[in-house]
Amino acid sequence: NLNWGTLSTGNPTEYTIETNKFTLNNPSKVGYQFSGWKEGNSNELQTSVMISKGTTGDKTFNANYSANTNTSYKVIHQQQNLNDNNYTTFETQNLTGTTDSQVTPQRRTYTGFTSPAGQTVTIAGDGSTTVTYKYTRNTYTFSVSDRTYVSGTSNGTYKYGTSISVTAQSRAGYTFRWSDGVTSLTNSFTLSSNKTTSRSEERR
């Protein structure tokens with residue numbers, strides 16, 4: 001019984017009292033190390049089994065393995081693009097764990113993004129296990145409270161990282177200022193939170 005293992009050279013399936021002695025070929029199993037044969041109901045592990053000439057009786061040998069503790073798996077962290085709903089890989093982690101064990105890889109925290117729910121997966125012995133986490137870009141509101149004499153980005157809802165630019169008309173005899181302290185007529189920035197601004201003028 002190979003217990004899902006494989007042999008490069010097969011073992012005999014029968015013998016007679018006159019068969020010359022032979023040693024069982026040990027199997028291999030992806031993601032595991034062969035730890036020995038157990039004969040019948042015995043709990044004793046034998047890493048090498050030889051059947052001597054003159055032996056009689058039916059024999060059953062069960063292959064046993066120990067799971068590798070350094071089996072590779074991958075975690076891919078993807079962030080939602082600014083200009084479409086697709087996702088682009090931001091970071092890739094190459095990790096290791098025990099074959100056939102369950103893991104819930106940690107998620108990252110990225111400013112301006114919402115983390116996804118955790119995923120629990122079983123580590124495949126061949127190292128093919130991949131977890132993909134998709135981080136959704138946060139959405140914020142932008143508005144100018146009084147848009148009189150103001151052009152540029154409209155009031156509305158925009159994704160984190162959107163470039164915002166509004167420009168106020170100048171008026172002779174007045175000193176201009178935006179409520180966030182910007183004194184130039186054009187106020188440009190990258191949206192990173194909900195933002196409301198307004199323009200004010202003072203007579204010189």
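Please count how many residues of the range 135-150 are among the hydroxyl-bearing types (Ser, Thr, Tyr) and either within 26 Å of Gln106 (Cβ to Cβ) or exposed (fewer than 14 other Cβ atoms within 10 Å of the Cβ) (or both).
Residues meeting the conditions: 6.
Going through the range 54-93 one residue at a time, which ones are within 22 Å of Gln106 (Cα to Cα) and touching a Lys or Arg at 6+ places or on another chain (Cβ under 6 Å)?
Residues satisfying the conditions are His77, Gln78, Gln80, Tyr87.
Only strands (runs of 3 or more DSSP E) wholly contained in the range 116-204 count here; list those with 2 or more residues that are more than 30 Å from Asn94 (Cβ to Cβ).
Where strands (runs of 3 or more DSSP E) fall fully within the range 116-204 and carry at least 2 residues being more than 30 Å from Asn94 (Cβ to Cβ), they are 139-144, 150-152, 156-159, 163-168, 174-178, 186-190, 195-197, 199-203.
Can you find a residue that is outside any loop (DSSP other than H, G, I, E, B) and over 30 Å from Gly161 (Cβ atoms) anywhere in the range 85-95?
No; the residues of the range 85-95 include none that is outside any loop (DSSP other than H, G, I, E, B) and over 30 Å from Gly161 (Cβ atoms).
From Thr183, Thr109, Thr136, grab the single residue that is at pLDDT 95 or above and in contact with a strand residue (DSSP E or B) (Cβ under 7 Å, 6 or more places away or on another chain).
Criteria check complete, one pass: Thr136.
Please go through the range 65-101 and pick out each residue that is under 30 Å from Ser42 (Cα atoms), of a type in the set (S, T, N, Q) and either open to solvent by 40 Å² or more (accessible area, probe 1.4 Å) or in contact with a helix residue (DSSP H, G or I) (Cβ under 9 Å, 6 or more places away or on another chain) (or both).
Ser66, Thr69, Asn70, Thr98
Restricting to the range 1-53, and then to whatever is among the small types (Gly, Ala, Ser) and not in a loop (DSSP other than H, G, I, E, B), can you tell me which residue is most open to solvent (accessible area, probe 1.4 Å)?
Ser28
The values are calculated or read from the model by the stated rules, or taken from the named source; none is laboratory data. Computed from a prediction, not measured in an experiment: that's the story for all the values here. Virtual Cβ from ideal backbone geometry, glycine too; neighbours counted across all protein chains shown. These area figures cover heavy atoms from the full protein model, side chains too; ligands, DNA and RNA do not enter into them. Shrake-Rupley method; radii C 1.70, N 1.55, O 1.52, S 1.80 Å.
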